[in-house]
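Data block below; observations after.
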Amino acid sequence: MIDIDRLTAEIDTLAGFSSHPSPAVTRVLFSREDCDARDWMARMFVEAGLVVRSDAVGNCFARWQGRDTTRAPFATGSHIDAIPNAGKYDGVIGVLGAVEAVRMLRAKGFQPERSLDIILFTAEEPTRFGIGCLGSRLLGGALDSAAAAALEDVDKNTLETLRAQAGFSGLLSEVSLRHGAYTGFVELHIEQGPLLERDGIDIGAVEKIAAPAAFRITITGEGGHAGAVLMPDRHDAGLAAAEIALAVERAALETASADTVGTTGVFLIEPGAINSVPCRAVIEIDLRDTDLATRLRAENAIHQAAYAVADRRGVSLEWETINSDPPAICAPELVASIESAAKARGFSSRRMISRAYHDSLFMARVCPTAMIFVPCRNGWSHRPDEYVSPEALARGVAVLADVIEAQLGV
Ligand code: GLV
Ligand code: MN
Ligand code: MN
């Protein structure tokens, strides 16, 4: 039996490791809160009888040892970092829910043939370094280790320095997994969209994860006195950035596909004084689509519009691609296993696409991968009022446990 009270209490405890007061959760990679939360997680992995190790970037692996150690293990897991002002379920249920699944399987006397790793991935969220899925990207071999080491946060701290301060040593080049290191990977996650709740469906079986891309544009114009510089003489970096942000919206709308989404979520202007013309602007753009070719067309349109704006306004522009990833296709046999586990328990299920990215996007590069979605209230996520009912959560954990049992038994 799943102990849902214990699981929800653990989710609440983990939510307490936050740099913003409850109900908001903010847990940025290698912050004090993140390090404390990791220590707490390590203790609870050990209490659950798991053997814990970490790699050079801080991905943490909690192993339930199977009888036959010569066989490749199966894996599950997710992330526990949280963007500023987030809720307490995103990522977290995939880690704590996996621990509960293991406890439940153990309690019913199940003895695994092959081992299971619960993976707590480092920084699925892009908050600190601007790039999402840092840990799983390295595991999946999708990020060069030298480029990773040189990543800098806004205060110019490098990943190399920050991971050492957080106690993670070893070579980043050794983080990547070889193909076949795991027989498969399944991640339990909240849907972060409204479809399951709206249609009264208990479980989503994810077949495909949309392809994300991110760009940073730095615009350098000319500053000056807001009263004295006449309008025709201006080279306002802030206004150029604003025009580009509108071009992002236009490009996403013009593909005419509901699957294209474009967001300018970071917008910084300098010097940031009311009586000074902005001399420099930095914007960060998130662009996604389930179809890679459509996303690339939108990216092209934004690129052209950005340079046209820069020309017209007499500002200079630097375009940096932070990441540009293909979509992931989930493993049909795991998707089917999720569906049949749901059916056997009398839960309704639906195949679906994940429009958010997840660590699964990169695990899919090294092993068969799929995701279990559970509904969340109003589809809300990345906000403090994110909520998953205990019943919905228990259904997700039960399906996860069944999939794990089927994988570990052979
Ligand atoms: C993950 O949090 C995403 O932005 O999709
Ligand atoms: Mn998230
Ligand atoms: Mn997440």
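The values are calculated or read from the model by the stated rules, or taken from the named source; none is laboratory data. Since the model is a prediction, treat every value here as computed from it, not as a measurement. Please note: Cβ atoms are built from the backbone with ideal geometry, for glycine as well, and neighbour counts cover all protein chains shown. Note: accessible area is taken over every heavy atom of the protein model, side chains too, but ligands, DNA and RNA are not part of it. Shrake-Rupley method; radii C 1.70, N 1.55, O 1.52, S 1.80 Å.
Observations, loosely collected:
- Spatially proximal aspartates and glutamates relative to K88 (Cα-Cα < 13 Å; intrachain offsets below 8 disregarded): E10, D12, D385, E386
- In the elastic network of the chain, a GNM with C-alpha springs shorter than 10 Å, the most mobile of M104, M371, M363 is M104.
- Each peptide in 128-138, 372-382, 165-175 gets a packing score, the mean of other Cβ atoms within 10 Å over its residues, and the list from highest to lowest is 128-138, 372-382, 165-175.
- For the chain: accessible area per residue (Å², 1.4 Å): 41 Å²
- Acute angle (nearest 10 degrees) that the helix 32-47 long axis makes with the longest principal axis of the chain, alpha-carbon atoms: 10 degrees
- Solvent-accessible area of segment 353-395 (1.4 angstrom probe, protein heavy atoms only): carbon and sulfur portion equals 53 percent.
- Highest-MSF residue in the chain out of H303, H20, H225 [GNM, Cα springs under 10 Å]: H225
- Cα-based helix-to-principal-axis angle, 92-107 vs the chain, degrees rounded to 10: 0 degrees
- Reachable lysines from K108, criterion Cα separation under 20 angstrom, eight or more residues apart if same chain: none
- In loop segments of segment 79-121 as defined by DSSP, the trypsin sites (Lys or Arg not before Pro) with at most 13 further C-beta atoms inside 10 Å of their C-beta are K108.
- Highest-MSF residue in the chain out of S257, S54, S354 [GNM, Cα springs under 10 Å]: S257
- When each of the peptides 316-322, 243-249, 143-149 is scored by the mean number of other C-beta atoms lying within 10 Å of its residues, the order from highest to lowest reads 243-249, 143-149, 316-322.
- Rg and Dmax of the chain, both derived from C-alpha coordinates alone, stand at 22.3, 79 Å.
- Spin-label model distance (nm) - D5 vs S19, 7 Å beyond Cα toward Cβ: 3.6 nm
- Computed over the chain: relative contact order in percent, which uses C-alpha pairs under 8 Å that are six or more apart: 23 percent
- Pair N378, Q304: separation of 7 Å Cα→Cβ label points (nm): 3.9 nm
- Principal-axis analysis of the Cα atoms of the chain puts helix 4-15 at an angle of about 30° to the longest axis.
- Expressed as a whole percent, the accessible area of segment 10-140 that falls on carbon and sulfur atoms is 49 (1.4 Å probe).
- Beta-bridge orientation, the chain: approximately 70 percent antiparallel, per DSSP, counting only bridges with both partners inside.
- Relative contact order for segment 157-275, counting Cα pairs under 8 Å that sit 6 or more residues apart, in percent: 15 percent
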